[in-house]
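Student: The following block contains the structure, expressed as structure tokens.
The values are calculated or read from the model by the stated rules, or taken from the named source; none is laboratory data. Just so you know, these numbers come straight off a predicted model, no measurement behind them. With ideal geometry, Cβ positions are generated from the backbone for all residues, glycine too; neighbour counts draw on all protein chains shown.
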Amino acid sequence: MSQWKWNKLYQISQIHGVTPWIREGIRHYEEDFFLDLKPSLRQHFEEDCTEMTEPPMLQELTNPMLNHKLQQLAEESGMEDPTFNLLLRLVNIARNILTQGISLRQLVMLGVYLRTTRDVIEYEVLKTWIKRLDMERMARLEGALLLVLFHFTEREIRFTNAVVNKSIERTASDIFQLTEKKAADWYFTQGKSIFVRTNDSGAMMWHVKQSAKYMRYYPAEAVTNFVKNFAHSMSHIEE
């Protein structure tokens, strides 16, 4: 692999927080003659402090009706239930897609969880829960991304009937166009005049387009998710 590609891989791994997995892969193949990784760049991978740990998962949706259903499921099953835990992962990825875009790190962790708990997941129950949350299309998107990015089999994603098409392939390629600028927070401020302005109009427009782009996958949540983010941004206005 060329040095340009190695540098690009390092940049992507930093943006998506997947450097630890890349580092493990490098260590596994370090004796490979064709690895061709410069010592200076290898050092960057080794010095990265990112861990494989997971951040706390949000147990909520912004749509009040859907969130009520989610909380009912939480009470019925409990956080220790592997099937409900998988549902929460799908929910968290869905919210992140609508807000920040598709996170490669979240998809990696979803894939790892699926392959380590597949024998204890109640897939028919999970399908029922996904339908109850009106999340079938979003679940299909997440499943299709596992197929195209990590070569999962259909049997490994039995919680949905995912299909890989040109639209999914374009979506997968968009992941690697994500930059820190796009994921930046945006909010409104008010100066001495009566006019309200945004701290970053580019970031704001990106969030608008992001919500519109994935609305068809989860329309009920996409609208309330955007409204909540908009309201949060307005809270920065100084009276």
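Student: Considering region 8-61 alone, what residues qualify as being more than 18 Å from the chain's Cα centre (by Cα) and assigned to a loop (DSSP other than H, G, I, E, B)?
Tutor: Those that are more than 18 Å from the chain's Cα centre (by Cα) and assigned to a loop (DSSP other than H, G, I, E, B): Y29, E30, E31, D32, F33, F34, L35, D36, L37, K38, D48, C49.
Student: In region 116-135, how many are without any contact (Cβ under 8 Å) to a residue 40 or more places away in the chain and crowded, with 16+ Cβ neighbours inside 10 Å?
Tutor: Adding up the residues that qualify gives 3.
Student: Hey, any hits in region 202-223 for a residue that's out of contact with any helix residue (DSSP H, G or I) (no Cβ under 8 Å at 6 or more places or on another chain), under 21 Å from L87 (Cβ atoms) and at pLDDT 55 or above?
Tutor: Yes, some residue in region 202-223 is out of contact with any helix residue (DSSP H, G or I) (no Cβ under 8 Å at 6 or more places or on another chain), under 21 Å from L87 (Cβ atoms) and at pLDDT 55 or above.
Student: Of the residues that make up region 16-36, is at least one outside the structural domain of I121 (by TED's automatic domain parsing), acidic (D, E), at positive phi and surrounded by fewer than 18 Cβ atoms within 10 Å (Cβ to Cβ)?
Tutor: Yes, some residue in region 16-36 is outside the structural domain of I121 (by TED's automatic domain parsing), acidic (D, E), at positive phi and surrounded by fewer than 18 Cβ atoms within 10 Å (Cβ to Cβ).
Student: Now for a different question. Those residues that are in a loop (DSSP other than H, G, I, E, B), β-branched (V, I, T) and either within 18 Å of F176 (Cβ to Cβ) or assigned by TED's automatic domain parsing to the domain that holds A212 (or both), I need them from region 92-127; list them, please.
Tutor: Matches in region 92-127: I102 only.
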